[in-house]
Amino acid sequence: MIALRSVLFNTIFYANLIVRMIVLSPYYFVVPRKVAYQIPKNWALSSHWLMEKIVGTTFDIEGLENLPDGGYILAPKHQSFWDTYALLPWLKDPVYILKRELMWIPLFGWYAKKQRMIPINRGARGKVMVEALRRTKEELATGRQLIIYPEGTRRPPGAEPVYKYGIARMYRDLQLPVVPVAMQPGLFWPRRSTMRYPGHFKVRILPPIQPGMDPDAFFAHLINVTEAASDELLVDTVKRNPNLPLPPTAVQRLAELQKTKAATA
């Protein structure tokens, strides 16, 4: 039954995305950019509804009060395609730095360009990265929220964290608060898998890290607070969903946490 629901959800999920982009294009490309943002925001809400009704997956968000007014950097854990759109309904005017190849995708690339997303060539250095930083500063100066995944790519739940130092450079150069976000969506929407699993989990928005720290100290602090919250949510999620199939990385991390708890008891 879970496999059947997964197929049904995936089919409707992508159909919902494509049909909305096609049907709403005339409106999207005529209205002002901030008005047009309601379209991806409403798509994200509809995707949450589909996942709840078809798969049976729900979530709560803790810490919305930690989102500052104006510009800031949002730094979520990255485990799944789910977390690339999940928080859009709660963000006023987000901007992404994304691979330039994504801008070449028909419709999606046009939508992203309308929202002034910032494309980069990941292999580029020098002037290209300077230009990307200039564009980022311009967007954030208007009060937008930059979404950066500090680990760069999707990591399975419980996996050893591999944070990229680029987030520390952005923190230093942009002089804005960084808001860490911990969550475990990869247990329900695994990377590189078509399976979707029912259950309930939490998204935890942590207190913002204010600008002014030494970049190295900031980087260590970001990892510590995010991973501590992620461990808590991993234990909580598995406890709430005892029948959830776990990837080996999650099983190993839970065993490590249990061993540490026993040693300090």
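Here are some notes:
- The stretch 4-34, residues that are within 26 Å of Lys92 (Cβ to Cβ), outside any loop (DSSP other than H, G, I, E, B) and either hydroxyl-bearing (Ser, Thr, Tyr) or touching a helix residue (DSSP H, G or I) at 6+ places or on another chain (Cβ under 9 Å) (or both): Phe13, Asn16, Leu17, Arg20, Met21, Ser25, Tyr27, Tyr28, Arg33
- Residues of the stretch 208-220 that are surrounded by 15 or more Cβ atoms within 10 Å (Cβ to Cβ) and assigned to a helix (DSSP H, G or I): Pro215, Phe218, Phe219.
- Scanning the stretch 229-253 for residues that are part of a helix (DSSP H, G or I), open to solvent by less than 40 Å² (accessible area, probe 1.4 Å), hydrophobic (A, V, I, L, M, F, W, C) and in contact with a helix residue (DSSP H, G or I) (Cβ under 8 Å, 6 or more places away or on another chain) turns up Leu234, Val238, Ala250.
- Against the list (1) among the aliphatic types (A, V, I, L, M); (2) touching a residue at least 40 places away in the same chain (Cβ under 8 Å); (3) farther than 30 Å from Leu233 by Cα; (4) surrounded by fewer than 14 Cβ atoms within 10 Å (Cβ to Cβ), the condition Ala36 fails is (4).
- Residue within the stretch 16-32 that is closer than 17 Å to Pro185 by Cα and aliphatic (A, V, I, L, M) present: no
- Test for Ile61: is it within 16 Å of Ser230 (Cβ to Cβ) and more than 10 Å from the chain's Cα centre (by Cα): yes
- Answer residue from the stretch 44-53, given it is open to solvent by 30 Å² or more (accessible area, probe 1.4 Å) and under 19 Å from the mean Cα position of the chain (by Cα) and is farthest from Tyr197 (Cα to Cα) among those: Leu45
- Among residues of the stretch 133-148 that are farther than 22 Å from Tyr85 by Cβ and without any contact (Cβ under 8 Å) to a residue 60 or more places away in the chain, those with a Cβ under 7 angstrom from a residue that is open to solvent by 10 Å² or more (accessible area, probe 1.4 Å) and among the aliphatic types (A, V, I, L, M), sequence gap 6+ or separate chain, pair up as Lys137/Leu174.
- None of Thr194, Thr260, Thr264, Thr226 is within 30 Å of Val130 (Cα to Cα) and among the β-branched types (Val, Ile, Thr) except Thr226.
- The lone exception for Met1 - which of (1) within 18 Å of the chain's Cα centre (by Cα); (2) free of Cβ contacts under 8 Å to residues at least 40 places away in the same chain it fails: (1)
The values are calculated or read from the model by the stated rules, or taken from the named source; none is laboratory data. Because the structure is a prediction, the values reported are computed rather than measured. Glycine also receives a Cβ, built like all others from the backbone with ideal geometry; neighbour counts cover every protein chain displayed. Keep in mind that these areas ignore ligands, DNA and RNA; they rest on the heavy atoms of the full protein, side chains included. Shrake-Rupley method; radii C 1.70, N 1.55, O 1.52, S 1.80 Å.
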